[in-house]
1. At 1.4 Å probe size, with the rest of the protein present, what percent of the exposed accessible area of the stretch 50-110 is carbon and sulfur atoms?
2. Order THR2, THR73 by their accessible area, 1.4 angstrom probe, all chains in place, largest first.
3. Could you give each residue of the stretch 190-205 its phi-based ³J(HN,Hα) in whole Hz, using Karplus coefficients 6.51, -1.76, 1.60 with θ = phi - 60°, and x for Gly or Pro?
4. Looking at GLY243, SER320, THR288, which one has the Cα that reaches farthest to the positive end of the dipole of the stretch 242-357 (charges on Cβ: Lys, Arg +1; Asp, Glu -1)?
5. Gap in Å between the Cα centre of the stretch 283-360 and the Cα centre of the stretch 148-219?
6. At 1.4 Å probe size, with no ligands or nucleic acids counted, give the accessible surface of GLU328 in Å², nearest ten.
7. Mind running the shape call on the chain? Use the C-alpha gyration tensor, a ≥ b ≥ c as the square roots of the eigenvalues: rounded below 1.5 for a/c, prolate if a/b tops b/c, oblate otherwise.
8. What accessible area per residue comes out for the chain, rounded to a whole number of Å², with a 1.4 Å probe?
Amino acid sequence: MTNIYVTKSFMPPEGEYEQIIHSVFQNRILTNHGPLVQELEQKLEKFLGVKNLQYVTNGTIALQLALRALNITEGEIITTPFSYVATVSSILWERCTPVFADIEPDNFTIDPNKIEALITPKTKAIMPVHVFGYACDVKRIGEIAKQHGLKVIYDGAHAFGSRYQGKSLLDYGDVSTLSFHATKLFHTVEGGACIVQNDEDDHKLDLIKRFGHNEDEHFSLGINGKQSEFHAAMGLANFPYIGEIIADRKRASDLYDNLLQGCLKRPRPQDGLEYNYAYYPVIFKSETELLDVFNALNKEGIFPRRYFYPSLNTLPYLNSRQACPISEDISCRIACLPLYVGLENETIEHICRIIKDNTL
Ligand SMILES: *Cc1c(COP(=O)(O)O)cnc(C)c1O
């Protein structure tokens, strides 16, 4: 019996990847904004309906480049405690202070009503996360930012393919970032992107991701965020399958929905959201129930994951403690069930049977 994990990377047909790589062996352009990187950027811009998409090495550097491009090098950034650690570590790595606004209990995104009370003269930006591909309250967040002169950087690592009110969820804020890590819905092995609304910020981000210079002229401090042609090739090989990837994940999610009806609590997506089926989170009644179900599943070689645990406001290396009761409660009781292309119906039925046998 092979183990079932929470995710399994989609792989394009080997020959199709090789065919794209063939050109690299011919032209020997391996990196530095080569033709494959440019082609992928153009295809992604078109697919998402956005402009100024910059393909970078990963989703974490994308967040850090976004902060730098917007000149945010100190001060406070209001963010969510319910996310992957990279959201908060990128803020800390850039020597800024994360300030946590608690989440909405229905869809786990940052609660805009909690943002305003946390704004101080030191606040520079808001960094919300479209967690699991659900939409933040982009309208309210935009209004708050405008009123207080704050930048908005959306961590859109989960939002690829989600559309909200007729456009990509990544077309909001000053910058939206993406991750194309192997575990994400659309991947390039490692990789990420920044989608920058303002052309001047876009230009700055492009400069700082390649050491801040153009030939021998040095303009600003920079870093290396450039992505390779081999990674772009994986993206180009996966690109034609995006529709199939989302459709097959929907098939698996719908089956879970049917089989688990009334058994476990599920997030309530916003009206007007076309969901990308990036994850299948379920909320247990208690941490004990979660651990019981995990035990039973693990015995059968099935390994769901606790996403996201712990709540990031409780990280041990933070300078100050801030309470976020909703996020702390949800974090203890939430898990993502296996969801990936090719996950068999029988496996889903097996998982649901075990869950039902171990919940009230
Ligand atoms: C995966 C992820 C990141 C980091 O992306 P990498 O490409 O792994 O660096 C950032 N934020 C969230 C919410 C993520 O899930």
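The values are calculated or read from the model by the stated rules, or taken from the named source; none is laboratory data. On a predicted model such as this, the values are computed, not experimentally measured, just so you know. Ideal geometry is used to build each Cβ from the backbone, glycine not excepted, and the neighbour counts take in all protein chains shown. The protein model used for the area step is the full one, side chains on, heavy atoms only, and it has no ligands, DNA or RNA in it. Shrake-Rupley method; radii C 1.70, N 1.55, O 1.52, S 1.80 Å.
1. It is 48 percent, rounded to a whole number.
2. So the residues, ranked largest to smallest area, are THR2, THR73.
3. Going residue by residue, I get 10, x, x, 7, 10, 10, 10, 6, 8, 4, 5, 5, 4, 5, 4, 5 Hz, with x marking Gly and Pro.
4. It is SER320.
5. Cα centroid to Cα centroid, the span is 30 Å.
6. Near enough 70 Å² of accessible area.
7. It comes out oblate by the Cα gyration axes.
8. The answer is 46 Å² per residue.
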